[in-house]
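Reviewing the structure listed below.
The values are calculated or read from the model by the stated rules, or taken from the named source; none is laboratory data. Just so we're clear, the structure is a prediction, and the values are computed from it rather than from any experiment. Here the Cβ is made from the backbone with ideal geometry for all residues, glycine too, and neighbour counts use every protein chain on show.
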Amino acid sequence: MRIAVAAGVRGAGALRPLAEDGTPAGPVQNVPDLVAAIAERERAEAPRWVWASTARIYPRLLEAGVRVGRCHDLELAENLLLGYAGRHGEPRSVRAAWARLRGEPVPADPPAHDEPAQASLFDDEADEPADDIEQIVAVHAAQQRAAAEPDGFPLLAAAESAGALAAAEMGHDGLPWSAEEHDRLLTELLGPRPTGGLRPRRLQELADRISAAFGPRTHVNPDSPAQILKAFASAGLPIPSTRAHVLKRVDHPAVPLLLEYKELARLHTAHGWAWLDTWVSGGRFRPEYVAGGVVSGRWATSGGGALQIPRVLRTAVVADPGWKLVVADAAQLEPRVLAALAGDRAFAEAAAHGDLYEALSGAFAAGAPGARGSVSEGGGMSARDKAKLALLSAMYGGGTGEAVQLLAVLRNRFPAAFDYVEAAARAGERGRLVRSRLGRTCPPPPPGWRELTSAGDDASAERRGAAAQALRSRGRFTRNFVVQATAADWALALLASLRRRLVPLDGPRLVFFQHDEVIVHTPADRAGDVADAVRAAADEARRLLFGSTPVVFPMEIAVVDRYADAK
């Protein structure tokens, strides 16, 4: 059963039951207390809620202690359908979708986190309803009709919507975080907390030593790339940039100091005391996740940087007393996804074992049976490392140095896997769209791309070079998209399945999700049940996406007190 939700003013709203195809299955019910009405219907019927935006509505329900099991997020589904049609970036709001249905001018989407619109949902001072039940019902029905055509698309829309529910819940519950441990680490690495906008003591010491390394008459601000470049040039060591990989090739006493300064300054800026004051309260880090924030389906954050927690700070992620962190990540996810997508029997058989790279290493060992073009073991690279490099090169478009030889071996031994990503690259170079297993679609080429890449033989060498570069870039993007987007599909299916399996355990909470990794905060006596739920969810995601594939998706699981102890 589905129920459409229109949030109104002063806590009121409207509900309407729907059939699975989106057609109305009953009259509109106007309710004075929308939160209470949703809570009551959730307990009695556990429907799939159809609403405009989970990110806008669900946090208010969570604040009231109301959680729901399922939803259909109209904005996220509209975005997926627009992408499938090659119309990325068009407005995705319910009002925009309604206007498209009626052939009317399409309004722009409101800015993200539009405070007046958000407040109007439950604000006593609001004058206009935030949602229109007629529009919600009509847009949902149109989406149901459109989603029935692409194979797998209903599952994608359901997984995307479930991800939005999980994102709101994780932001609400928060990741256990010790402010005291965080402060201790910062003090240990940077010195005492500075005041008045000054550098921390350790950074200032490094800044002074960097200047001294260039001579007594030189003052270098290590935060200024221009001054660093000028100082190296004056020392007779001109460099093109201050990137770490460039600095590491330079023999100068300032280099190790600069590298240390850059690392510590990045920590201070991104996760220093100001970050701690802003994002951690009550023993919890509560980021703002953006489900589907990247075109590949990966998540983003609109604040807090939850997807980039530095390894050094993971000791600050500490379970509550009597609780544990169950940390689980998918081992070698993207190569396994490629194996399942391509249906390459030999590759799939290798992916049915624990360490995929080790299982494939025999193909890259010198003299391996049938390995025409196999490469030697010289250069200090193991056969396992060669297998890893070959796979990453195939998925990400590498093709220089030893990778050329390794790709030749990969193509010879696993032609279906190689041809799968090659076909995606060729499609991209022709300006075509490519899709994930469930139908998530890559954006079309940017404006001007076709004109640029149509340069003929009579064009200048510079233009022909620019055209070739644009074609290669597009091919690399689509080559990786089919794998990375399908990996995102799998991870969302895992997340949705795990979220559902945790409910009957009564206590464990999903508190972190990053591409292929999840963390569950659980009472210690339920940690084993949570680990079992993670494994079952991974297997369910495999079956939902790939059916009876022999490829396995093992989860590396650790039950720990601190996040840092999991790796």
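Overview of values
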{"read-out": "Any hit, the stretch 182-201, residues being at pLDDT 95 or above and under 27 Å from the mean Cα position of the chain (by Cα)", "value": "yes"}
{"read-out": "Selection count where residues are in a loop (DSSP other than H, G, I, E, B) and not hydroxyl-bearing (S, T, Y), scope the stretch 260-305", "value": "15"}
{"read-out": "Subset of the stretch 55-64 [touching a helix residue (DSSP H, G or I) at 6+ places or on another chain (Cβ under 8 Å) and of a type outside the set (S, T, Y)]", "value": "A55, R56, P59, R60, L61, L62, E63, A64"}
{"read-out": "So R336, is it of a type in the set (K, R), outside any helix (DSSP H, G or I) and at pLDDT below 95", "value": "no"}
{"read-out": "Residue within the stretch 203-219 that is surrounded by 14 or more Cβ atoms within 10 Å (Cβ to Cβ), touching a residue at least 40 places away in the same chain (Cβ under 8 Å), assigned by TED's automatic domain parsing to the domain that holds A235 and not in a helix (DSSP H, G or I) present", "value": "yes"}
{"read-out": "Candidate set from the stretch 336-359 (those that are buried (at least 24 other Cβ atoms within 10 Å of the Cβ) and out of contact with any Phe, Trp or Tyr (no Cβ under 8 Å at 6 or more places or on another chain)); member that is farthest from V518 (Cα to Cα)", "value": "A350"}
{"read-out": "The stretch 408-456 - residue that is touching a Leu at 6+ places or on another chain (Cβ under 7 Å) and small (G, A, S) and, of those, modelled with the lowest pLDDT", "value": "A417"}
{"read-out": "Residue match in the stretch 242-251 (condition: more than 38 Å from the chain's Cα centre (by Cα), assigned to a helix (DSSP H, G or I) and of a type in the set (A, V, I, L, M))", "value": "no"}
{"read-out": "Residues located in the stretch 287-301, provided they are surrounded by fewer than 20 Cβ atoms within 10 Å (Cβ to Cβ), under 15 Å from G171 (Cα atoms) and not hydroxyl-bearing (S, T, Y)", "value": "E288, V290, A300"}
{"read-out": "Residue in the stretch 420-439 that is among the hydroxyl-bearing types (S, T, Y) and touching a residue at least 40 places away in the same chain (Cβ under 8 Å) present", "value": "yes"}
{"read-out": "All helices (runs of 4 or more DSSP H) inside the stretch 31-112 with 2 or more residues being closer than 20 Å to E20 by Cα", "value": "34-45, 74-84, 94-102"}
{"read-out": "Flag for G215 being over 36 Å from the mean Cα position of the chain (by Cα) and either closer than 24 Å to H271 by Cβ or at pLDDT 95 or above (or both)", "value": "no"}
{"read-out": "Hits in the stretch 37-74 (condition: among the hydrophobic types (A, V, I, L, M, F, W, C) and either more than 26 Å from the chain's Cα centre (by Cα) or not assigned by TED's automatic domain parsing to the domain that holds A19 (or both))", "value": "A37, I38, A39, A44, A46, A64, V66"}
{"read-out": "Any pair with Cβ under 6 angstrom, 6 or more apart, that starts in the stretch 172-197 at a residue that is within 24 Å of K262 (Cα to Cα) and ends at one that is surrounded by fewer than 16 Cβ atoms within 10 Å (Cβ to Cβ)", "value": "G191/R201"}
{"read-out": "Candidate set from the stretch 424-458 (those that are assigned to a loop (DSSP other than H, G, I, E, B), closer than 13 Å to R479 by Cα and of a type in the set (A, V, I, L, M)); member that is farthest from the chain's Cα centre (by Cα)", "value": "L433"}
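Table: residues versus (1) buried (at least 21 other Cβ atoms within 10 Å of the Cβ); (2) modelled with pLDDT under 95.
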{"site": "W49", "(1), (2)": "yes, no"}
{"site": "H72", "(1), (2)": "yes, no"}
{"site": "A77", "(1), (2)": "yes, no"}
{"site": "L82", "(1), (2)": "no, no"}
{"site": "W98", "(1), (2)": "no, no"}
{"site": "P105", "(1), (2)": "no, no"}
{"site": "D109", "(1), (2)": "no, yes"}
{"site": "F122", "(1), (2)": "yes, yes"}
{"site": "D131", "(1), (2)": "yes, yes"}
